[in-house]
Amino acid sequence: MGSILFSSFVSANSIINNKMMENNIRQNLKSDGYINITALEAWDLMNNSDDGRQIPIDIRRWDEYSSERIETPNQEDWPRWFPYEFTSGGPGPIKNEGFLLDIFMRIYQNKEVIIYCRTGRRTGISAQILVDNGFSGIIYNMVNGITEWKSVGLPTIEGF
């Protein structure tokens, strides 16, 4: 009897926590059309299959992605690489913006994506560009990027 009550409590507590997280994320929806989330909220989203599937996308240069990226709870949710820029430096916020935007819109349109970079600066710019160009999925912007991910003790993968 005790284990049944405990099991019911844990299940109810899990449902309450999921609802609280969903409400918190909805409150973070920016008027700009994307949702800012923390690294822990991203981890929770990727761990909860009840809320659909969010695709993690690393928006950094190839050398950054290939040296270290977030490790997701499920193998099928490995972080995809989407090149914010092919090399460092350059005239605008995003090199080859039109080309990159076209590819992103074709692959991820109508999907839920969690974008991250090193500190969140590039994903903030990227999220706004996507919204401004009619992206019709849900964009979760992991503020403070992989830097926060590591600082709260979430797992990363190095190399290939």
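The values are calculated or read from the model by the stated rules, or taken from the named source; none is laboratory data. Worth saying up front: this structure is predicted, and the values here are computed from it rather than measured. Every residue, glycine as well, gets a Cβ built from its backbone with ideal geometry; the counts of neighbours run over all protein chains shown.
Results, tabulated for the structure shown:
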{"read-out": "Residues (at pLDDT 80 or above, surrounded by fewer than 16 Cβ atoms within 10 Å (Cβ to Cβ) and not in a helix (DSSP H, G or I)) located in region 81-110", "value": "109, 110"}
{"read-out": "Counted residues, region 111-144 - those being at positive phi and in contact (Cβ under 8 Å) with a residue 40 or more places away in the chain", "value": "1"}
{"read-out": "Residue check, residue 40 buried (at least 16 other Cβ atoms within 10 Å of the Cβ) and at pLDDT 70 or above", "value": "no"}
{"read-out": "Failed criterion for residue 155 (all others in (1) at pLDDT below 90; (2) loosely packed, with under 14 Cβ neighbours inside 10 Å hold)", "value": "(1)"}
{"read-out": "Exclusive hit being surrounded by fewer than 23 Cβ atoms within 10 Å (Cβ to Cβ) and among the β-branched types (Val, Ile, Thr), set 129, 146, 115", "value": "129"}
{"read-out": "Subset of region 28-52 (residues that are in contact with a strand residue (DSSP E or B) (Cβ under 7 Å, 6 or more places away or on another chain) and either outside any loop (DSSP other than H, G, I, E, B) or not small (Gly, Ala, Ser) (or both))", "value": "28, 29, 30, 34, 35, 36, 37, 39, 42, 45, 46"}
{"read-out": "Members of region 139-160 found to be part of a loop (DSSP other than H, G, I, E, B) and aromatic (Phe, Trp, Tyr), listed by number", "value": "160"}
